[in-house]
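For reference, the structure discussed in these notes is given below.
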Amino acid sequence: MAVSNLTRTLLALSLISSSSVFANGSEQAELKKHTFGGKIATGSVELYDLPDEDYTNVYSYYNYKFNQNFSLEVGLNFGMDASDWECDDFDDGFTCRDRNDSMFNIGADELEVTNFVIAGKATLPLSQRNSLYAKVGANFYDYEISRDDRTFIDDSGTGVYLEGGWQYVWDFGLGMDAGVQYFDMGDLDSVSFAVGVSYQF
């Protein structure tokens, strides 16, 4: 009789343990580890201590999630000057012209930026679908400031990448977010407000 009770006890413990392992496995299966996304952003860019210029950038990324709160991200960013346009109304229609004659007061009229990003991302859940997020990492940058065929500054290197904001993700994987991006590119720094969409699976 004692052996029978011991057998029942062990069997019950085995069943509880098995169900616990199964539950943990199901919980892991629910974690959507892969995310692809893109953002468009607008803001300003500063060279040395010269006056800021309008700036826009497009950022695309892949994110691998280790758990619900931490992930690793790789991204590619393309940035450019956002020219100011002035339009006048004449009898025969509108005429528009670029007002950005001299970027940074050095005579340039074009900025092209490329960044490759590696960053860690942490999230702070606010509810089931809402969360705040922060990203910290490095960006490998290459930029050129020019006018026509004349290059004023051409530089590349490694700098800091920071981003923080808010995100909302539906159960089927589609998400949206809004945040502030910062790229440190040596003598050139950009700060922009970004909105984006993503898909988790």
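The values are calculated or read from the model by the stated rules, or taken from the named source; none is laboratory data. The shown structure was predicted, so the numbers you read here are calculated from the model rather than taken from an experiment. Glycine gets a Cβ as well: all are built from the backbone with ideal geometry, and neighbour counts include every protein chain shown. Quick note on the areas: whole protein, heavy atoms, side chains included, nothing else; ligands and nucleic acids left out. Shrake-Rupley method; radii C 1.70, N 1.55, O 1.52, S 1.80 Å.
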What do you reckon, how do Ile40, Ile153 stack up by accessible area (1.4 Å probe), largest on top? Ile40, Ile153
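So with the 1.4 Å probe, I'd like the accessible area per residue for segment 104-172, rounded to whole Å².
On the way: 3660 Å² over 69 residues.
Ligands and nucleic acids excluded, the figure is 53 Å² per residue.
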Count the net charge of all other residues whose Cβ sits under 15 Å from the Cβ of Val195, scoring Lys and Arg as +1 and Asp and Glu as -1. -1
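How many percent of the accessible area of segment 34-82 is carbon or sulfur, using a 1.4 Å probe?
Details: 1590 of 2440 Å².
Here carbon and sulfur together make up 65 percent of the probe-accessible area.
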Counting other C-beta atoms within 10 Å, and keeping those with at most 10, which DSSP coil trypsin sites (Lys or Arg not before Pro) do you find in segment 96-173? Arg99
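Hand me the chymotrypsin sites (Phe, Trp or Tyr not before Pro) from segment 125-188 located in a DSSP loop with no more than 13 other Cβ atoms within 10 Å, in residue order please. Please list the in-between numbers first.
Values: sites: Tyr133, Phe140, Tyr141, Tyr143, Phe152, Tyr161, Trp166, Tyr168, Trp170, Phe172, Tyr182, Phe183; in loops: Trp170, Phe172.
Of the chymotrypsin sites (Phe, Trp or Tyr not before Pro), the ones in loops of segment 125-188 whose Cβ has at most 13 other Cβ atoms within 10 Å are Trp170, Phe172.
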